[in-house]
Structures are given as structure tokens and as C-alpha cells.
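Throughout, read-outs are computed from the coordinates displayed, never taken from laboratory work. Treat the numbers as computed from the prediction; the structure is a model and nothing was measured. Here the Cβ is made from the backbone with ideal geometry for all residues, glycine too, and neighbour counts use every protein chain on show.
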Amino acid sequence: MSVPEKLQVFFQQNPKLALGFSGGVDSSYLLYAAKACGADVKPYFIKSQFQPRFELEDAIKLSQQLGVELQIIELDLTAHEQVLNNPADRCYHCKKLVFEQIIQQARQDGYQVFIDGNNASDDDRDRPGMKAVKELAVLSPLREAGLTKDDVRELSWQADLFTWNKPSYACLATRIPTGTAITQDGLEKVEQAEDRLFELGFYDYRIRVMDTTAKLQLPPDQMARALELRETILDELSPYFNDVVLDLKAR
């Protein structure tokens with residue numbers, strides 16, 4: 001069992017929990033650890049316009065791998081102006097809405113302890129969403145146990161979780177500049193354009209929207225490939241953006 005002692009103690013003290021589950025590296029390992037420690041854990045996935053399809057697919061796959069029933073909650077984030085207006089603290093409002101839905105459903109299911117996948121590498125000074133989960137008394141076992149992202153990846157590899165080397169992924173709304181209104185059409189364009197890059201073999205990238213221009217942010221070792229496939233990338237992204245530029249700062 002690839003679970004550090006501090007986490008084992010946490011689950012002994014909190015044997016029944018509801019997990020805000022994204023299908024990413026951290027929450028996937030947390031689901032595994034809770035299950036391995038014998039806890040009654042139920043994962044809740046929020047399905048919204050901000051989450052790409054592959055995140056839901058990964059969440060379903062991981063839950064099935066662990067033999068845990070996944071609860072999917074649909075949430076229309078476009079119905080909330082404080083999110084759509086995209087202010088500097090949009091992530092705070094978004095995260096609060098998400099966990100309020102999770103907590104409401106989890107309480108109906110008989111759960112009173114709520115956890116998320118924040119780890120010790122996450123800097124709360126630059127994460128408005130962490131403020132929201134703290135206000136809602138959501139616990140972060142990985143962070144409390146002092147486990148960093150690298151630690152979680154190593155433990156996930158030991159546990160044979162397919163998510164161990166999954167790139168970190170921020171929601172689609174982060175592609176839209178602060179202060180620019182978020183639209184359903186804009187989110188769909190970003191998701192479809194990023195899907196095209198994935199099909200071309202790129203990974204761990206972002207497309208940042210600048211009006212009608214797509215700014216590609218790639219890891220340094222993929223920039224040469226982007227230049228080699230310049231014409232192909234332009235053709236693939238032309239249905240979504242008028243222009244495509246490469247960010248030389250890299251990710």
C-alpha cells in the first residue's frame with residue numbers, strides 16, 4: 001500500500017469522506033489512498049462548461065479502476081455573472097460554486113467531511129480558489145501531510161495509477177484574459193483547438209486567447225516540433241482563430 005503514515009492517520013481519524021474529484025494527479029491519488037486505507041470515500045465530479053471532456057473520461061476510468069462509484073454533478077457556470085464577467089478573483093467564485101454543489105449533494109448522501117486534492121506545492125498566495133475551499137471548511141489531506149506534486153506523482157506511480165504522469169491542467173476559463181467576458185462559444189473554441197494540438201502529438205500545453213489570436217504556450221522541448229508543423233498547426237486552428245502565435249517564454 002503506497003500511502004504515507006500521515007495520510008493513514010488522517011483517514012483513520014476521518015473514515016467517511018466526500019472528495020471533490022477532478023480526475024487529475026492529486027485527487028486521483030487521494031481517492032486511491034482513502035480507498036486503500038479502508039475509508040468510506042465518495043468522489044464527486046462537477047461537469048461544467050469549464051472542464052474538457054477528457055477530464056471526465058479520466059475521472060470515470062480511474063473510479064472504475066479503483067472500484068469506486070463516481071457521482072457526477074452538472075453545474076451551469078455560465079448562469080453566474082460573477083464567473084462570466086471574469087474578474088481577477090473569478091477562480092474564487094467558481095471554486096466556491098463548485099464546492100457548494102459538492103457539499104450540498106454530499107450532505108444529502110450522508111457525508112460531513114469534505115476533502116480536495118491541494119498539495120504542499122500549491123501556493124495559496126496565488127490561488128484564490130484555495131481561499132474558497134478554506135471558507136467552506138474543506139480539508140486538504142495531501143497539503144496537511146506535506147506531500148508535494150512530485151511526491152504525489154511518485155506515490156501514484158508506485159500505486160500503478162495511470163494518472164501518475166498526467167500533465168497539470170487548469171480549467172478552460174484560464175485561457176480567457178482577466179476582464180474579458182467568458183462565453184460558451186469561446187470555451188468551445190479553446191477546447192476544440194487544444195484537441196487538435198493533442199492529435200498532432202503535443203502535450204502539457206495551453207492556448208491563450210488574445211481576441212481572435214491563439215497564443216501557443218508549449219514546453220521548450222516541443223517548440224522545434226511546432227515550427228516543423230507550422231503550416232499544419234495553422235490549418236488545424238484556422239476554424240477557431242484568425243491568427244496563431246508562439247509564446248517564446250515557453251511553459
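Ordering PHE202, PRO220, LEU187 by Cα displacement along the dipole of the stretch 183-246 toward the positive end leaves PRO220 in first place; charges were set at the Cβ atoms of Lys, Arg (+1) and Asp, Glu (-1).
For the stretch 76-87, 3J(HN,Hα) computed residue by residue from phi via the Karplus equation (6.51, -1.76, 1.60; θ = phi - 60°) reads 8, 6, 6, 8, 10, 4, 5, 8, 5, 6, 6, x Hz, glycine and proline entered as x. Under a Gaussian network description of the chain, with springs only between Cα atoms under 10 Å, the residue in PRO43, PRO128, PRO239 that fluctuates furthest is PRO239. Between ARG90, ARG208, ARG225, the GNM of the chain built on Cα springs shorter than 10 angstrom shows ARG225 fluctuating the most. Note on the stretch 127-188 and the stretch 191-231: Cα centroid distance 21 Å, given to the nearest whole angstrom. Note on the chain: with a GNM built from Cα contacts shorter than 10 Å, the maximum mean-square fluctuation among GLU188, GLU231, GLU144 falls on GLU231. Summing Lys and Arg as +1 and Asp and Glu as -1 over all other residues whose Cβ lies under 15 Å from the Cβ of ILE103 gives a net charge of +2. About its Cα centre, the dipole of the chain is roughly 540 debye, where the only charges are +1 on Lys and Arg Cβ and -1 on Asp and Glu Cβ. In terms of distances greater than 32 angstrom between alpha carbons, the cross-link table entries LYS95/LYS166; LYS42/LYS249; LYS6/LYS215; LYS131/LYS249 yield LYS42/LYS249; LYS6/LYS215.
Rg ratio for the chain: its Cα radius of gyration over 2.2 N^0.38 Å, N being its residue count, equals 1.04. Here's how it looks for LEU17: its modeled amide H is under 5 Å from those of ASP40, VAL41, LYS42, which are all 5 or more places away or on a different chain. The slack in the chain from LYS249 to MET210, taken as 0.36 nm per residue of separation less the alpha-carbon distance, amounts to 12.4 nm. The fewest-to-most ranking of GLU74, GLU194 by surrounding Cβ atoms within 10 Å reads GLU74, GLU194.
Relative contact order, whole percent, for the stretch 5-165 stands at 26, derived from Cα pairs under 8 Å and 6 or more residues apart.
Projected label points at GLU228 and GLU144, each 7 Å from Cα along the beta carbon direction, are separated by 4.8 nanometres.
Near LEU139, the amide H atoms lying under 5 Å from its own belong to PHE114, ILE115, ASP116; only residues 5 or more places off or on other chains count, and H is placed 1.01 Å from N. Give me the extension gain from LEU200 to ALA170: residue separation times 0.36 nm, minus the current Cα-Cα distance, reported in nm with one decimal. Length gained, LEU200 through ALA170: 8.8 nm.
Along its three principal directions, the equivalent ellipsoid of the stretch 1-125 from the Cα gyration tensor extends over semi-axes of 25, 16, 14 Å, largest first. Site pair GLN112 and GLU74 shows an inter-label distance of 3.3 nm when each label is modelled 7 Å from Cα along Cα→Cβ.
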